[in-house]
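Take a look at the structure below.
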Amino acid sequence: MTYSGVKKMKHSDETKRLLAASLKTLMKNKPLEKISIRELTDHANMNRQTFYYHFEDIYDLLKWTFQQEALQFLDVPESTSVWKEGLLQLFNYLDENREFCICALRSLGRGHLKRFFYSDIHRIFGRVIKEFGEKTNAAEEYMAFLTHFYTLSLAGLVESWLLGEMDQTPEEIIEMINIFIQDQILGAEQRIKKTSEKS
């Protein structure tokens, strides 16, 4: 990429970040659906054309904001040993940006925000379950089911915790998830052992 290309890309990212910062500020005082593009661009000292050059609508900007600020923590290396650290950083981000996240959750409705997290959480548990499958020779269909199950469960837990419906700390939640996964692995290993003893 040429120098001018790099410079243009950096300017584009900076513009997106300014729009995201304005959105977060405005969402402290009003619901997402009450914020207009004009209000947003005026707050960011930009014109509407600039906004539409980067995003389709405010929901597109919101998705980008979560992807850049929150979901980066879930982009962990291939090693499954660090998945807990990634989730802990995600919880910390949600806690530090609680007003913004709760406003987004209330505006989008429960279940919708889950879609923002699904693919990234799915990738983490996909790695963990793959390791589980290698230990137990589990069928692909079963591993796919477990990955989907854990993904939906964690996404729901994140929403519930964000709304104050859970008393546990992020560390406690993550440790309980880890214990649950280890119990799953142990149970599968015992089931396989019993099956092999019978045959």
Margin query: Taking the solvent-accessible surface of protein heavy atoms with a 1.4 Å probe, what is the per residue accessible area of the stretch 83-199 in Å²?
Written below: 56
Check: Taking square-rooted eigenvalues a ≥ b ≥ c of the alpha carbon gyration tensor, is the stretch 115-199 rounded, prolate or oblate, where a/c under 1.5 means rounded and, failing that, a/b exceeding b/c means prolate?
Finding: prolate
Notebook entry, point to check: In the stretch 118-168, carbon and sulfur make up what percent of the accessible area (probe 1.4 Å)?
Noted result: 54
Item checked: Violating pairs (Cα-Cα greater than 31 angstrom) within the set 24/130; 24/84; 63/135; 63/130; 28/130; 63/84 -> 24/130; 63/135; 28/130
Check: Which net charge results for the neighbourhood of residue 166, defined as the other residues with beta-carbon distances under 12 angstrom from its beta-carbon, given Lys and Arg at +1 and Asp and Glu at -1?
Finding: -4
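The values are calculated or read from the model by the stated rules, or taken from the named source; none is laboratory data. A quick note: this is a predicted structure, and the numbers were derived from the prediction, not measured. Backbone-built Cβ (ideal geometry, glycine too); neighbour counts: all protein chains shown. These accessible areas exclude ligands, DNA and RNA; they are computed on the full protein's heavy atoms, side chains included. Shrake-Rupley method; radii C 1.70, N 1.55, O 1.52, S 1.80 Å.
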